[in-house]
Amino acid sequence: MSLILVIEDETQILSNLQEILELADFNVITAVDGTTGLQLAKNKNPDLIICDIMIPGLNGYEVLQKLRQEPKCADIPLIFLTARANRSDLREGMCLGADDYITKPFQPLEILQAVKARLKKRLIPGQAYLKEARKSAKLQQEIKTNQIELQNSNELAQVRESLLRKVSIDLSNPVSNINMAICMLKEAKTEKQRDRYLSILQQECRREIEILNEIDSLRELLSAENTKLLRDYKLLEVN
């Protein structure tokens, strides 16, 4: 429930205001002079203040002026009560930062409407802040997710590059042996030599086919998700 501070030196009016507000489920604290009211505002940080202008100690204008100079109290809505409703009084209060004026005598509904309107208005910046905070948190999460995906993508690219280098080396060995066997086969003078070099050719061709088959398997294995898993378990390392 919202906490409302009422500063009013007339006992009957103070009692009436307290009863009206408490029946509407507001928590109420009271003060009968401006000095005490200002101290309560600093200590209790109410959600709203209703303050008479002509009160002992600090008057309503002085209370408002000092509140607006206090960082933690500066944004507390303040509604003035006054028996004087001339334009100069209204202008003075508004210049100091008053949120509303209610003239005496007042109706209970008038008080409640003013109070609820000011409390609702005060909530709007807070709600806007929460909305922006949620948007910011969502954006931060998206940035974090994108960074992780980028990191995984970079890791995948590094692993693929490393494996391609290895595959290139592995492929070059059988090719060299095949070239050598072809050259030797041309120079072979006996059937035994030709059979030997043909056997080498067949063996190296099989090695080449096995490597090519491994490339197809690696292409399926090296998805972004699998790469991360393999890296986490140190089954793949980038050189």
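The values are calculated or read from the model by the stated rules, or taken from the named source; none is laboratory data. Because the structure is predicted, anything quoted here is derived from the model rather than measured. When we count neighbours, we look across all protein chains shown, and the Cβ atoms used for this are built from the backbone with ideal geometry, even at glycine. For accessibility, only protein heavy atoms count, side chains too; no ligands or nucleic acids. Shrake-Rupley method; radii C 1.70, N 1.55, O 1.52, S 1.80 Å.
Among residues of region 11-54 being under 22 Å from LEU67 (Cα atoms) and among the charged types (D, E, K, R), the one that is least open to solvent (accessible area, probe 1.4 Å) is ASP52. Consider ARG134 carefully, then state whether it is part of a helix (DSSP H, G or I), at pLDDT 75 or above and either on the phi > 0 side of the Ramachandran plot or open to solvent by 90 Å² or more (accessible area, probe 1.4 Å) (or both). No: the conditions fail for ARG134.
Within region 1-10, take every residue that is touching a residue at least 40 places away in the same chain (Cβ under 8 Å) and closer than 20 Å to PRO108 by Cβ and give me the one that is most open to solvent (accessible area, probe 1.4 Å). Among those that are touching a residue at least 40 places away in the same chain (Cβ under 8 Å) and closer than 20 Å to PRO108 by Cβ, it is GLU10.
Every residue, every condition in (1) over 24 Å from ILE55 (Cα atoms); (2) at pLDDT 70 or above; (3) surrounded by 14 or more Cβ atoms within 10 Å (Cβ to Cβ); (4) among the hydroxyl-bearing types (Ser, Thr, Tyr), yes or no:
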position	(1), (2), (3), (4)
GLY97	no, no, yes, no
PHE106	no, yes, yes, no
ALA114	no, yes, yes, no
LYS144	yes, yes, no, no
ILE148	yes, no, no, no
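Of everything in region 1-11 that is within 36 Å of the chain's Cα centre (by Cα) and hydrophobic (A, V, I, L, M, F, W, C), the residue that is modelled with the lowest pLDDT is MET1. Within region 12-23, identify whether any single residue is in contact (Cβ under 8 Å) with a residue 12 or more places away in the chain and within 36 Å of the chain's Cα centre (by Cα), and answer yes or no. Taking every residue of region 12-23 in turn, none turns out to be in contact (Cβ under 8 Å) with a residue 12 or more places away in the chain and within 36 Å of the chain's Cα centre (by Cα). Does SER168 satisfy the condition of being modelled with pLDDT of 70 or more, loosely packed, with under 15 Cβ neighbours inside 10 Å and small (Gly, Ala, Ser)? So SER168 does not fit the description; no.
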